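J.: Before I ask anything, let me first share the structure, which is written out below as structure tokens.
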Amino acid sequence: MDIDAFIDEIKKATSISILTGAGISTASGIPDFRGDDGFWKTNKPIYFKEFIHSEKKRIESWKNNIALTKKLSEITFNTGHTLVNKILSLYKDNILITQNIDGLHQKAGTKTEKIIEIHGTALRANCLVCKKIFGLQRFHTAIKFNKPLPDCDACNGLVKVATISFGQSMDPVKMQKAVHAVSQTDLLIVLGSSLVVQPVAGLPRIALENGKRLVICNKEPTPFDIHANLVMNGNIEDLANKILLSHVLD
Ligand code: NAD
């Protein structure tokens, strides 16, 4: 990994967007989407339509959330998340777009206003009709005691974990903010994403079309490697450890 070239890209920029994917959280113990680990295999995705039309699927979805939040309560952020924090603190317009739903960037100290959680979060729920936000506890309790799942107490709508399911529309405001960020900032750094899940995978293209620079750090090749100004195939933790220990960004 060419650490000097990475630092050089950061120092050349006056504003930076960072896009993170599941690969930044594997060192914390959450497998990525396509890895062989059994976790996502036993947490088979539930399509949005299924959630809407089937109570059985809603119960299954909440059971998955109980398992995931239990796992999240047992783990913590890693040096990759710390590196992101450090880079965000360099210039005031720097912004983080994350595909992750695990809340680990916040655990590492990144302020909510600096993060666009483009696929939502597993740590809250919201009403699908009026968008009222809920904590998870009352839904977990209903599942544990085999009680009916509560509907929204404001409008009686269905309440779902605040992640974007397969077949569910993304939040257009978040997507607009992400597009604006990558087309305005000088540099886009992608950390731990296969860059195949749309529409987020379109963000590097938008950055490049706007004449911005692109740096990718990922274990495996991505479809954007040939267009990037710098590609580092390796572990994010190795990159983060080297940079943080050198204090070159302090
Ligand atoms: P992905 O699984 O498609 O890609 C992750 C990439 O990270 C892979 O190419 C892998 O080679 C790479 N990687 C894994 N560990 C790495 C490491 N230590 N260092 C460097 N690279 C590493 O993930 P994606 O692109 O984020 O898309 C998957 C979708 O699934 C997203 O929508 C995301 O919301 C969701 N998801 C989220 C989490 C999470 O919140 N932690 C975990 C799994 C999936």
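J.: Could you list, ordered by first residue, the pairs with Cβ atoms under 8 Å in which the first is in the range 6-31 and on the phi > 0 side of the Ramachandran plot and the second is among the basic types (Lys, Arg) and within 16 Å of the ligand (Cβ to nearest atom), at least 6 apart or interchain?
T.: Sorted first by the residue in the range 6-31, then by its partner, the pairs are GLY29/LYS71.
J.: Does GLY135 count as small (Gly, Ala, Ser), under 11 Å from the mean Cα position of the chain (by Cα) and either modelled with pLDDT of 95 or more or on the phi > 0 side of the Ramachandran plot (or both)?
T.: no
J.: Tell me, which residue of the range 228-237 that is more than 8 Å from the ligand (Cβ to nearest atom) and over 20 Å from SER15 (Cα atoms) is most open to solvent (accessible area, probe 1.4 Å)?
T.: Within the range 228-237, the match that is most open to solvent (accessible area, probe 1.4 Å) is ASN233.
J.: Tell me the residue from ILE52, ILE101 that is modelled with pLDDT of 95 or more, within 13 Å of the ligand (Cβ to nearest atom) and either part of a helix (DSSP H, G or I) or β-branched (Val, Ile, Thr) (or both), please. Spell out how you get there, then give the answer.
T.: On the way: ILE52 fails: within 13 Å of the ligand (Cβ to nearest atom).
Exactly one of ILE52, ILE101 is modelled with pLDDT of 95 or more, within 13 Å of the ligand (Cβ to nearest atom) and either part of a helix (DSSP H, G or I) or β-branched (Val, Ile, Thr) (or both), namely ILE101.
J.: Here is a further query. Quick one: in the range 181-221, which of the residues that are more than 14 Å from the ligand (Cβ to nearest atom) and of a type in the set (S, T, N, Q) is surrounded by the most Cβ atoms within 10 Å (Cβ to Cβ)?
T.: Looking at the filtered set, the residue picked out is THR185.
J.: Further question: Among THR82, THR20, THR14, which is open to solvent by 20 Å² or more (accessible area, probe 1.4 Å), modelled with pLDDT of 95 or more and in contact with a Gly (Cβ under 9 Å, 6 or more places away or on another chain)? Please lay out each step first, then the result.
T.: Details: THR20 fails: open to solvent by 20 Å² or more (accessible area, probe 1.4 Å); THR14 fails: in contact with a Gly (Cβ under 9 Å, 6 or more places away or on another chain).
Unique residue meeting the criteria: THR82.
The values are calculated or read from the model by the stated rules, or taken from the named source; none is laboratory data. Bear in mind the structure is a predicted one, so any value in this text is a computation, not a measurement. Neighbour counts are summed over all protein chains in view; Cβ atoms, including those assigned to glycine, are modelled from backbone coordinates with ideal geometry. Heavy atoms of the whole protein, side chains included, go into the accessibility calculation; ligands, DNA and RNA do not. Shrake-Rupley method; radii C 1.70, N 1.55, O 1.52, S 1.80 Å.
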